[in-house]
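Nothing in this text is a laboratory measurement; each read-out follows from the coordinates by a stated rule. Note that the structure is a prediction, hence the values are computed from the model and not measured. Don't worry about glycine lacking a Cβ; one is built from the backbone with ideal geometry, like all the others, and counts go over all protein chains shown.
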Amino acid sequence: MLIIKEFMLYLYITHFSTHLYLNMVTAELTLQEALKEYFGFDKFKGEQEEIIKSLMSGRDTFVIMPTGGGKSLCYQLPAMLTEGTAIIVSPLIALMKNQVDSIRNFGADDAVAHVLNSSLNKGEIMQVKEDILASKTKMLFVAPESLNKQENIDFFKRIKISFVAVDEAHCISEWGHDFRPEYRRIKEMVQHIDANIPVMALTATATPKVQLDIQKNLGMTDAKLFKSSFNRPNLYYEVRPKVDVAKEIIRFIRQHEGKSGIVYCLSRKKVEEIAETLVVNGIKARGYHAGMDAATRVGNQDAFLMEDVDVIVATIAFGMGIDKPDVRFVIHHDMPKSLEGYYQETGRAGRDGGEGKCIAFYSYKDIEKLEKFMTGKPIAEQEIGRLLLMETVSFAEHQFAEESICYIILENFMRKIIAHVVIIVLIQKKKLKERKS
Ligand code: ADP
Ligand code: MG
């Protein structure tokens, strides 16, 4: 009896595992081949393959991967391999354009990827819908506002949607560096279209608070989570006191002649001023900010991407999702608003794995300026903004403290810490009050 049982077990195991193995091999071959065929890559980066399998098995999938980790491929490849059209929600028109261009560059029919946003005219919208209905379109990049429109929802209900991917998903959270209120309505829209569509969220955010917000808001607390390491050993961080900053920047860029870099400034005016100063000093530079007309802005961005210029001087309007692998330095002329934002902006350096230098110029005055910007905003937003700013301050001052550059700054640091504690106490008190009432 025992022998029979064992034999049965043996049969079961061999049969089952062979079956499983065969399944895995065919699946792997297909994915691997598809990777080569559609994107020309030989192997998957990091956890891409497992992520793709998760989504293709119909599970909600949450991808947290640093900038440059290769998140786009996690939806681009499954979109090519599954029936129907994938909807990819993306916050910026420039970002969508960048992606669609790069997909089309891989030699596929232009109809394979489209955008649907406010930049299209009626005729163009009709063409997009025609291609989708003809099953030619595998990826449709939409702005959250377009997802919101009733006519689009009606259209999406008529077609086969393979999945919905929410790129730059941190835009959902007020604690992120790039909050977009429209992002909070995505889930509702998806439910209107079809509650069973698998959803993928992707972000490079490193804070657990933002991660939790995303999962809650998209109703994907059961999602399979893939979180990669955020350690980028090729990035070198330095905070310098803000003295003679233009001269310092010019000197730094000259030491890195011919290399690509980004200089971030807080205001549009500063962007124009610094870009001009660099040009006058013989550096191939252009500016980029949201106040420029679209043609100039796109022209300057393309000039940077195509390496006609080495340096782009920009406000934070530039760079989200922009794919230039060989950016060798990211300079912050002014302090960033949050550490999370700083991490994102500097994350644009060294995406190819090569060296990336990140220099931030710090002065206490910048922090005061940033605080001033916040007044006039709703109180809750101000509170969040201040706390995020505190984190940046303590990061910067910690760097100084380590190199014992300046005791005065340390003193300011103590003042800030005290302010930080006071704010936390105030928030707690407010919460207690709300709970009581
Ligand atoms: P993220 O959105 O995570 O910031 P991207 O999707 O823009 O990153 O990808 C970053 C870079 O990595 C791009 O240049 C992309 O072409 C490249 N890449 C992605 N997957 C692979 C892969 N499997 N092999 C080689 N390069 C890859
Ligand atoms: Mg991306």
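Some notes on this structure:
- FRET efficiency, Glu145 to Lys216 (Cβ-Cβ, R0 22 Å, nearest 0.05): 0.50
- Packing order of peptides 71-81, 377-387, 218-228, highest average first: 71-81, 218-228, 377-387 (average count of other Cβ atoms within 10 Å over each peptide's residues).
- Between Gln255 and Leu387, the simple spin-label model (points 7 angstrom out along Cα→Cβ) gives 3.8 nm.
- Karplus (6.51, -1.76, 1.60) ³J(HN,Hα), θ = phi - 60°, over segment 371-381, in Hz, Gly and Pro reported as x: 5, 4, 4, 6, 4, x, 8, x, 3, 4, 5
- Counted by neighbouring Cβ atoms within 10 Å, the residues Thr315, Thr203 run from fewest to most as Thr315, Thr203.
- Quarter of the Cα convex hull surface for segment 249-371, i.e. its orientation-mean projected area (nm²): 7.2
- For Val239, distant residues with modelled amide H under 5 Å away: Ala360
- Difference of contour (0.36 nm per residue) and Cα-Cα distance, Tyr237 to Arg59: 60.3 nm
- Computed from the C-beta positions of Lys160 and Thr277 and an R0 of 51 Å, the FRET efficiency is 0.40 to the nearest 0.05.
- The amide H of Lys224, built 1.01 Å from its N in the peptide plane, has Asp60, Thr61, Phe62 as neighbours under 5 Å, considering only residues 5 or more places off or on other chains.
- Applying 1/(1 + (r/R0)^6) with r as the Cβ-Cβ distance of Lys36 and Val298 and R0 = 35 angstrom yields a FRET efficiency of 0.65.
- Computed from phi, the 3J(HN,Hα) profile of segment 327-334 under the Karplus parametrisation 6.51, -1.76, 1.60 (θ = phi - 60°) reads 6, 9, 8, 10, 10, 9, 5, 10 Hz, with x in place of Gly and Pro.
- Other-chain or far-sequence residues with amide H under 5 Å of Ser260's (modelled H): Arg328
- Exceedance of the 21 Å cut-off in Cα-Cα distance is limited, within the set Lys97/Lys136; Lys97/Lys122; Lys45/Lys224; Lys71/Lys224; Lys36/Lys259; Lys53/Lys138, to Lys36/Lys259.
- Mean-position separation - Cα centroids, segment 232-274 and segment 357-374, in angstrom: 14
- For segment 221-238, 3J(HN,Hα) per residue [Karplus equation, 6.51 cos²θ - 1.76 cosθ + 1.60, θ = phi - 60°, Hz, x = Gly/Pro]: 5, 8, 4, 6, 9, 10, 10, 8, 5, 9, 6, 10, x, 7, 9, 10, 9, 8
- Fully extended contour minus Cα-Cα distance, from Glu371 to Glu355, at 0.36 nm per residue: 2.4 nm
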